[in-house]
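This report refers to the structure that appears directly beneath it.
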Amino acid sequence: MSPRVVRTITDCRAALAGLRAGRRVAFVPTMGALHEGHLSLVDLARTKADVVVVSVFVNPAQFAPGEDFERYPRDLERDVRLLARRGATLVFAPEVEEMYPEPLLTRVAMHGITDDLEGARRPGHFDGVLTVVAKLFHIIEPEVAVFGQKDAQQAAAIRRMVADLDFPVEIVVGATARDPDGLALSSRNAYLSEAERREALALRSALGRAESLAAEGVADAAPLLAAMREELSRHPGIDVDYVALVERDTFRPVDRLTSPAVAAVAARIGGTRLIDNVVIEPHAG
Ligand code: PAF
């Protein structure tokens, strides 16, 4: 059955008032251009609640000037068709004017978790994400919200915002969906040429090198980072933005693996910036 699509905050709240009736609501925020990664989060949401709300909103507040806000892929009809097959109940797809009728004078601002990596490269990005997610949480009032591990720093920041600001919502993080060759699914993969897509596989192989070394007992960050850089340097088409090993919750750099940590990479391939990460476990022995 096709999910109901609502375009205004008033209609969204009214639809939810009817749907909720004592049932749990799970929420999957997206910017549309849905792929199997998003849809796997919808599947996960369905295991957590009876009512699954998906938002489709390309949020201008999280794009820095010169980023791809204008050309970000948009196809609501296709998104709704895909969501129908995965059993979403309600799609909230507001226009920019509905979410931001006036310039915002109030924002959610975070420090610490969001200072480095994506936060350092994309000024204002995380405040834009946290602000829109806070607004969406107020509009939808979900019991559970599902985010992807692909955006690991975003997931850590949202967990912290929810704790700091007492949002009554459980945050669930779903595994990164990958193509069979390992490339992490991303709406931005649509920008890649065939040759660039082949180059992009180096992100996953670089992370794989760190995983294998850690499994062999290497625990110091320096050789793990060096191995990732070395793998990426073999691909001249890749312009590395960062490689990092950070704590899962705080995103502070890790010197030595003593608990699970996030190995993260960001790189530009042609005009496209991609990110990927894996959680690395310390050697058991
Ligand atoms: O991960 C995303 O697609 C976006 O950052 C989100 C969480 C939908 C907020 O706009």
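Looking at PHE57, PHE92 in this structure, which one is in contact (Cβ under 8 Å) with a residue 40 or more places away in the chain, touching a Cys at 6+ places or on another chain (Cβ under 6 Å) and within 30 Å of ARG20 (Cβ to Cβ)?
Selected residue: PHE92, the only one of PHE57, PHE92 that is in contact (Cβ under 8 Å) with a residue 40 or more places away in the chain, touching a Cys at 6+ places or on another chain (Cβ under 6 Å) and within 30 Å of ARG20 (Cβ to Cβ).
With PRO103, PRO29 as the choices, which residue is on the phi < 0 side of the Ramachandran plot and surrounded by fewer than 19 Cβ atoms within 10 Å (Cβ to Cβ)?
From the options PRO103, PRO29, the qualifying one is PRO103.
Given (1) assigned to a helix (DSSP H, G or I); (2) within 19 Å of the chain's Cα centre (by Cα); (3) within 16 Å of the ligand (Cβ to nearest atom), identify the lone condition not met by VAL58.
VAL58 satisfies all of (1) assigned to a helix (DSSP H, G or I); (2) within 19 Å of the chain's Cα centre (by Cα); (3) within 16 Å of the ligand (Cβ to nearest atom) except (1).
PRO29: closer than 30 Å to VAL243 by Cα, assigned to a loop (DSSP other than H, G, I, E, B), in contact (Cβ under 8 Å) with a residue 24 or more places away in the chain and within 18 Å of the chain's Cα centre (by Cα), yes or no?
No.
Condition check: part of a strand (DSSP E or B) and surrounded by 15 or more Cβ atoms within 10 Å (Cβ to Cβ). Does VAL80 satisfy that?
no
Against the definition (closer than 15 Å to LEU117 by Cβ, out of contact with any helix residue (DSSP H, G or I) (no Cβ under 7 Å at 6 or more places or on another chain), outside any strand (DSSP E or B) and in contact (Cβ under 8 Å) with a residue 24 or more places away in the chain), how does THR258 come out, yes or no?
no
Does the stretch 14-24 contain at least one residue that is within 16 Å of the ligand (Cβ to nearest atom) and either of a type outside the set (Gly, Ala, Ser) or closer than 30 Å to ASP276 by Cα (or both)?
no
Since ASP115 meets every condition but one in (1) more than 12 Å from the ligand (Cβ to nearest atom); (2) surrounded by 15 or more Cβ atoms within 10 Å (Cβ to Cβ); (3) not hydroxyl-bearing (Ser, Thr, Tyr), which condition does it not meet?
The number of the failed condition is (2).
Between GLU67, GLU36, which is under 18 Å from the mean Cα position of the chain (by Cα), modelled with pLDDT of 95 or more, within 16 Å of the ligand (Cβ to nearest atom) and exposed (fewer than 15 other Cβ atoms within 10 Å of the Cβ)?
Every option except GLU36 fails the conditions.
Only one of (1) in contact (Cβ under 8 Å) with a residue 40 or more places away in the chain; (2) in contact with a helix residue (DSSP H, G or I) (Cβ under 9 Å, 6 or more places away or on another chain); (3) closer than 18 Å to THR176 by Cβ is not met by ARG204, so which one is it?
Going through the list (1) in contact (Cβ under 8 Å) with a residue 40 or more places away in the chain; (2) in contact with a helix residue (DSSP H, G or I) (Cβ under 9 Å, 6 or more places away or on another chain); (3) closer than 18 Å to THR176 by Cβ, ARG204 breaks only (2).
I'd like the full set of residues that are touching a Pro at 6+ places or on another chain (Cβ under 9 Å), buried (at least 17 other Cβ atoms within 10 Å of the Cβ) and closer than 19 Å to THR176 by Cα, limited to the stretch 211-247.
Within the stretch 211-247, ALA244, LEU245, VAL246 meet the criteria.
Looking at the stretch 88-107, can you tell me whether even one residue there is among the charged types (D, E, K, R), under 25 Å from ASP276 (Cβ atoms) and away from the ligand (no atom under 16 Å from the Cβ)?
No.
Would you point out which residue out of ALA163, ALA206 is among the aliphatic types (A, V, I, L, M) and surrounded by fewer than 17 Cβ atoms within 10 Å (Cβ to Cβ)?
One residue alone meets the criteria, ALA163.
If you take the residues in the stretch 126-141 that are in contact (Cβ under 8 Å) with a residue 60 or more places away in the chain and touching a Leu at 6+ places or on another chain (Cβ under 9 Å), which one is farthest from VAL53 (Cα to Cα)?
Checked the stretch 126-141; the qualifying residue farthest from VAL53 (Cα to Cα) is THR131.
The values are calculated or read from the model by the stated rules, or taken from the named source; none is laboratory data. No experiment lies behind these values; they were computed from the predicted model shown. When we count neighbours, we look across all protein chains shown, and the Cβ atoms used for this are built from the backbone with ideal geometry, even at glycine.
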